[in-house]
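Everything on this sheet refers to the single structure shown next.
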Amino acid sequence: MTVPTLRDRSSAVPPTQGRTARNFVTRRPHGQLPCTSGTYVLLLHLSRSASIRVGRLGIVTFRRGYYAYVGSAFGPGGLAARVERHVRTGVRTHWHIDYLREIAQPVGVWFSAEGVRREHEWAKVLLCAPSANNAVPRFGASDCRCASHLLYLEHRAPKRWLTRRLRRQASLRYFSLATATPVAWRGGGRVR
């Protein structure tokens with residue numbers, strides 16, 4: 001079974017669920033991301049340190065470097081809509097990640113379109129990544145018991161390490177937001 005993408009111009013859910021095709025159409029360059037539910041890890045780069053207010057977390061200082069944010073997308077438009085929201089500028093601040101996104105540049109996204117909530121498992125796995133630290137306690141985790149859904153990486157994310165660890169739990173793909181193209185990893189298949 002093929003997963004509909006933004007370029008398919010068709011609904012990702014049966015019409016009986018009340019969603020129309022227009023909910024899944026966009027002209028943004030993220031057309032290879034599926035419109036289905038799933039879990040993702042958004043990789044961001046912050047070119048210089050900054051202190052900003054992050055909702056109820058208050059003033060938070062972010063160091064220069066890379067950040068990995070773990071989230072899930074189970075609303076209308078699925079992964080494609082959620083990642084597009086994170087990539088767009090000038091969005092209303094609703095989630096903790098929206099505040100960081102105002103100052104950080106999206107670099108890429110790992111995702112699994114299996115329709116299973118894996119964000120809590122993935123956040124724990126990513127804390128074990130080489131050079132990873134809990135960036136801000138409770139960031140993105142106000143509705144769960146996780147320490148945080150945001151990790152600080154001293155160096156660019158070790159793609160092979162992350163891919164191997166996360167793939168143990170789900171089929172996984174990486175999508176470069178810098179070039180807006182999917183990257184097939186050795187042993188990786190199509191999005192199913």
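A short reminder: the numbers here are calculations on the coordinates, not readings from a lab. Everything numeric in this text was worked out from a predicted model, so none of it was measured. Cβ sites come from the backbone with ideal geometry, for glycine too, and all protein chains shown count toward neighbours.
How would you order 127-133, 69-75, 88-94, 37-43 from highest to lowest mean count of nearby Cβ atoms within 10 Å?
Going from most to least packed, we get 37-43, 69-75, 127-133, 88-94.
Running Debye on the range 100-176 with equal point scatterers at the Cα sites and no solvent, what base-10 log of I(q)/I(0) appears at q = 0.16, 0.23, 0.24 Å⁻¹?
So the normalised log intensities work out to -0.62, -1.31, -1.39.
Between the alpha-carbon centers of the range 120-142 and the range 76-95, tell me the distance in whole angstrom.
21 Å
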